[in-house]
Amino acid sequence: MDYTHIVIQMLSIFGIVLVGLVAAKRGLWASDMDRKMSTFVLNVSMPALILASVMGDDLAFERSEIVSLLGIAAVNYVLLIGAAWFVPRVWPVGEGRRGILRFMLAFGNVTFIGYPVVDAVFGPRAVFCASVLNLPSNLLMFTLGVSYIKGSPARDAFCPRMLVTPCMIASLAAIAIALFKVSTPVPVANWFHLLGDMTVPCALLIIGSSLSHIPWRDMLGNRFVYMAATLRLIVLPLVVFTVFRLCGFPEFASGIAVVLSAMPVATNGIMFCLQYGRDERVMTQGLFLTTLFSVITIPLLSLLL
């Protein structure tokens with residue numbers, strides 16, 4: 001793997017984030033664009049990107065690969081959720097921050113940053129792999145994730161509607177297409193690829209615009225945030241990497257899972273904090289700093305792989 005190529009790709013990704021930030025600061029990005037564009041990405045372009053990942057003669061997957069991916073996804077989230085349970089027990093933090101810490105450890109920004117990153121680092125095949133590996137995230141984030149923030153049992157936060165989101169449906173449809181090796185006509189595949197290619201720049205611009213609303217003094221963080229960022233970006237991926245190597249999982253798929261485990265904090269955490277009256281400032285600091293530092297940590301992790 002070309003380390004220089006990965007660094008360039010990560011800088012390009014963060015550069016687009018900066019474009020979104022500057023555009024919003026200068027009034028070139030309307031205040032309600034984040035919400036509208038997020039709706040478009042999550043409901044239209046990202047499902048198209050997921051489906052496009054299994055369309056093409058050079059993107060065929062064997063059934064054994066898909067079964068292996070599902071196994072890796074299960075092990076990956078056992079490790080992440082296990083870390084979210086274990087770390088607050090050995091690192092004494094205030095009750096108000098305990099749930100925030102657990103959320104930051106368990107859930108990364110796979111949707112908006114993970115897909116673009118693995119597409120840039122590993123190629124188009126990796127997007128489908130990432131969509132399979134991310135299947136548990138939608139369910140867990142809106143159950144365990146909400147319970148972490150609220151401090152309530154996960155069953156109280158369960159919502160069946162999460163199972164019929166466009167991204168979840170597209171992921172399941174992509175698995176079916178890959179399992180049964182459905183041949184897609186070239187014009188249809190090209191249409192999905194063209195529409196799906198909008199996901200990366202749109203998602204990165206949204207992140208940049210959302211960061212523009214954070215006061216600069218709130219972006220610097222504190223000792224708690226830096227410790228959580230170190231665990232999220234460095235310690236957890238190394239644990240996942242070590243376990244996967246010991247288990248002997250396929251190198252390509254496990255490499256994608258390791259990179260996904262090194263993603264910045266998920267943006268949903270800020271919305272959950274606002275909704276349930278928690279300290280959104282700490283979550284915002286974690287989002288910004290992990291996004292910033294991931295420009296360095298993800299290329300280094302890719303070099304290790």
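The values are calculated or read from the model by the stated rules, or taken from the named source; none is laboratory data. This one's a predicted model, so the numbers in the text were calculated from it and none came from an experiment. Backbone-built Cβ (ideal geometry, glycine too); neighbour counts: all protein chains shown.
Here is a yes/no grid of residues against (1) hydrophobic (A, V, I, L, M, F, W, C); (2) more than 23 Å from residue 279 (Cβ to Cβ); (3) touching a residue at least 60 places away in the same chain (Cβ under 8 Å):
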{"residue": "114", "(1), (2), (3)": "no, yes, yes"}
{"residue": "131", "(1), (2), (3)": "no, yes, yes"}
{"residue": "140", "(1), (2), (3)": "yes, no, yes"}
{"residue": "147", "(1), (2), (3)": "no, no, no"}
Selection from the range 46-82 of residues that are in contact with a Cys (Cβ under 9 Å, 6 or more places away or on another chain), at pLDDT below 90 and buried (at least 22 other Cβ atoms within 10 Å of the Cβ): 46, 47, 50, 53, 69
Look at residue 214 and say whether it is over 20 Å from the mean Cα position of the chain (by Cα) and closer than 18 Å to residue 14 by Cα. yes
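Somewhere in the range 27-42, is a residue in contact with a Lys or Arg (Cβ under 9 Å, 6 or more places away or on another chain), part of a helix (DSSP H, G or I) and crowded, with 22+ Cβ neighbours inside 10 Å? Step through it out loud before you land on a result.
Step one: of the range 27-42, the residues in contact with a Lys or Arg (Cβ under 9 Å, 6 or more places away or on another chain) are 30.
With part of a helix (DSSP H, G or I) added as a condition, the list becomes none.
There is no residue in the range 27-42 that is in contact with a Lys or Arg (Cβ under 9 Å, 6 or more places away or on another chain), part of a helix (DSSP H, G or I) and crowded, with 22+ Cβ neighbours inside 10 Å.
Residues checked against (1) modelled with pLDDT under 85; (2) of a type outside the set (Lys, Arg); (3) in contact with a Leu (Cβ under 6 Å, 6 or more places away or on another chain):
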position: 239; (1), (2), (3): no, yes, no
position: 259; (1), (2), (3): no, yes, no
position: 263; (1), (2), (3): no, yes, no
position: 269; (1), (2), (3): yes, yes, no
position: 278; (1), (2), (3): yes, no, no
position: 285; (1), (2), (3): yes, yes, no
position: 289; (1), (2), (3): no, yes, no
position: 296; (1), (2), (3): no, yes, no
Within the group 294, 261, which residue is in contact (Cβ under 8 Å) with a residue 40 or more places away in the chain, under 15 Å from the mean Cα position of the chain (by Cα) and farther than 19 Å from residue 141 by Cα? 294
Residue satisfying all of: in the range 252-290; among the β-branched types (Val, Ile, Thr) and part of a helix (DSSP H, G or I); nearest to residue 226 (Cα to Cα) among these: 290
Looking at the range 239-251, which of its residues are among the hydrophobic types (A, V, I, L, M, F, W, C) and assigned to a helix (DSSP H, G or I)? 239, 240, 241, 243, 244, 246, 247
Taking the conditions exactly as written (free of Cβ contacts under 8 Å to residues at least 12 places away in the same chain and either of a type in the set (A, V, I, L, M, F, W, C) or assigned to a helix (DSSP H, G or I) (or both)), does residue 236 satisfy them or not? no
Considering each residue of the range 187-233, count those that are closer than 18 Å to residue 49 by Cβ and part of a helix (DSSP H, G or I), and give that number. 19
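Please pick out the residue among 242, 284, 199 that is β-branched (Val, Ile, Thr), farther than 24 Å from residue 100 by Cβ and either crowded, with 22+ Cβ neighbours inside 10 Å or touching a Pro at 6+ places or on another chain (Cβ under 8 Å) (or both). Spell out how you get there, then give the answer.
Working: 242 fails: either crowded, with 22+ Cβ neighbours inside 10 Å or touching a Pro at 6+ places or on another chain (Cβ under 8 Å) (or both); 284 fails: farther than 24 Å from residue 100 by Cβ.
On inspection, the qualifying residue turns out to be 199.
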